[in-house]
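Colleague: Before I ask anything, here is the structure I am working with.
The values are calculated or read from the model by the stated rules, or taken from the named source; none is laboratory data. Treat the numbers as computed from the prediction; the structure is a model and nothing was measured. Note that we place each Cβ from the backbone using ideal geometry, even for glycine, and neighbour counts take in every protein chain shown.
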Amino acid sequence: MVQQSRWRRRLLIGIVIAYVGVLILAPIGALISGALAEGLGAIAAALRQPDVLSAFQRTLLISLVTVVVHATCGTATAWVLVRQRFRGRRILNALLDMPFAISPVVVGYMLLILFGRNGPLAPILAALHIKVVFALPGMILATLFVTLPFMVRELMPVLEAFGVQQELAAATLGASGWQTFWRVTLPALRWGFIYGITLTFARALGEFGAVLVVGGGVQGRTETATLFIYRALEERQYVGAYSAALVLGAFSLLLVMGTELLRRRETNR
């Protein structure tokens with residue numbers, strides 16, 4: 001019986017390792033192999049190109065704006081959904097998961113319909129001299145939409161587990177609502193907040209479909225790192241495409257692993 005249980009355990013572990021290996025490790029290995037096909041010098045030369053640097057800068061800017069907006073509004077949304085009871089709360093909670101169900105390409109198309117030349121908001125934008133479609137604002141909006149759930153979904157379980165006892169105690173001692181949030185609630189949310197930011201940032205770095213549709217992928221103007229990879233593959237610039245993809249993947253991986261290591265270090269103290 002013990003021997004049979006041991007074999008089942010080994011089989012289960014083997015299936016998990018094979019599953020992760022096929023879906024994650026194999027593509028990463030192929031990516032590294034493709035990037036190193038012509039040596040490290042070719043990678044450095046590809047990443048120093050002005051259009052590549054411009055694409056990475058644009059990606060970083062969009063990702064940072066996305067993180068700042070969701071860190072603020074996502075935290076407020078999570079707090080309202082957990083602490084408040086109001087009509088339409090369940091509908092609002094369900095709507096937050098729409099980015100998981102809708103294709104990013106459809107998101108970009110919806111933004112085109114809304115903000116495009118013949119869209120309902122076009123006259124207002126024209127009067128204000130604001131360009132959304134095929135410009136940076138539209139790409140930011142698209143990225144905000146696809147990354148919407150991460151911060152909220154990370155914070156809501158933490159808020160529910162934290163409860164309201166400590167907040168009520170702080171209020172009893174004379175703390176204002178703002179003081180209670182900063183000194184009691186936010187420290188308790190620390191790791192949910194950090195994980196939300198990490199996932200949001202990593203997802204924003206890798207967004208492709210929505211920004212392609214709404215931004216157009218104009219080289220030097222609306223091309224992000226992922227759009228450069230797509231263009232480089234079409235133009236058979238394989239080293240440049242593999243190198244850019246490797247940088248994006250490595251950065252996201254280090255971001256997630258670094259967060260986990262920091263949490264383990266703090267837990268072990």
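Colleague: Which number in (1) surrounded by fewer than 20 Cβ atoms within 10 Å (Cβ to Cβ); (2) in contact (Cβ under 8 Å) with a residue 24 or more places away in the chain marks the one condition that residue 184 misses?
Modeller: (2)
Colleague: Okay, moving on. When you go through 227, 233, 261, 253 one by one, which is the residue that is touching a residue at least 24 places away in the same chain (Cβ under 8 Å) and part of a helix (DSSP H, G or I)? Outline the logic, then answer.
Modeller: Values: 233 fails: touching a residue at least 24 places away in the same chain (Cβ under 8 Å); 261 fails: touching a residue at least 24 places away in the same chain (Cβ under 8 Å); 253 fails: touching a residue at least 24 places away in the same chain (Cβ under 8 Å).
Every option except 227 fails the conditions.
Colleague: Within the bounds of region 161-169, is there any residue that is in contact (Cβ under 8 Å) with a residue 40 or more places away in the chain and at negative phi? Write out each step before concluding.
Modeller: Narrowing region 161-169 to residues in contact (Cβ under 8 Å) with a residue 40 or more places away in the chain: 164.
Now restrict to residues that are at negative phi: 164.
Scanning region 161-169, I find at least one residue that is in contact (Cβ under 8 Å) with a residue 40 or more places away in the chain and at negative phi, so the answer is yes.
Colleague: Let me ask another. State the number of residues belonging to region 1-55 that are farther than 27 Å from residue 228 by Cα and either outside any helix (DSSP H, G or I) or not small (Gly, Ala, Ser) (or both).
Modeller: Residues in region 1-55 being farther than 27 Å from residue 228 by Cα and either outside any helix (DSSP H, G or I) or not small (Gly, Ala, Ser) (or both): 17 in total.
Per-residue answers, yes or no, for (1) assigned by TED's automatic domain parsing to the domain that holds residue 102; (2) among the acidic types (Asp, Glu); (3) crowded, with 18+ Cβ neighbours inside 10 Å:
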| position | (1), (2), (3) |
| --- | --- |
| 219 | yes, no, no |
| 224 | yes, no, yes |
| 236 | yes, no, no |
| 242 | yes, no, yes |
| 254 | yes, no, no |
| 257 | yes, no, no |
| 260 | yes, yes, no |
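Colleague: Restricting attention to region 79-95, does a residue exist that is touching a Phe, Trp or Tyr at 6+ places or on another chain (Cβ under 6 Å) and either over 22 Å from residue 216 (Cα atoms) or hydroxyl-bearing (Ser, Thr, Tyr) (or both)? Explain how you work it out, then say what you get.
Modeller: So in region 79-95, the residues touching a Phe, Trp or Tyr at 6+ places or on another chain (Cβ under 6 Å) come out as none.
Among the residues of region 79-95, not one is touching a Phe, Trp or Tyr at 6+ places or on another chain (Cβ under 6 Å) and either over 22 Å from residue 216 (Cα atoms) or hydroxyl-bearing (Ser, Thr, Tyr) (or both), which makes the answer no.
For every residue, the table says whether it meets (1) in a helix (DSSP H, G or I); (2) over 27 Å from residue 208 (Cα atoms); (3) at pLDDT 85 or above.
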position	(1), (2), (3)
109	yes, no, yes
123	yes, yes, yes
143	yes, no, yes
166	yes, yes, no
180	yes, yes, no
183	yes, yes, no
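Colleague: Look at region 84-106 and say how many of its residues are within 15 Å of the chain's Cα centre (by Cα), assigned to a helix (DSSP H, G or I) and surrounded by 14 or more Cβ atoms within 10 Å (Cβ to Cβ).
Modeller: Selection size over region 84-106: 2.
Colleague: Is it the case that region 68-83 has a residue that's assigned to a loop (DSSP other than H, G, I, E, B), at pLDDT 90 or above and more than 23 Å from residue 210 (Cα to Cα)? I'd like the intermediate steps shown before the answer.
Modeller: First, pick out the residues of region 68-83 that are assigned to a loop (DSSP other than H, G, I, E, B): none.
Within region 68-83, not a single residue is assigned to a loop (DSSP other than H, G, I, E, B), at pLDDT 90 or above and more than 23 Å from residue 210 (Cα to Cα).
Colleague: Let me ask you something else. Report, by residue number, each residue of region 125-141 that is under 30 Å from residue 81 (Cβ atoms) and in a loop (DSSP other than H, G, I, E, B).
Modeller: 132
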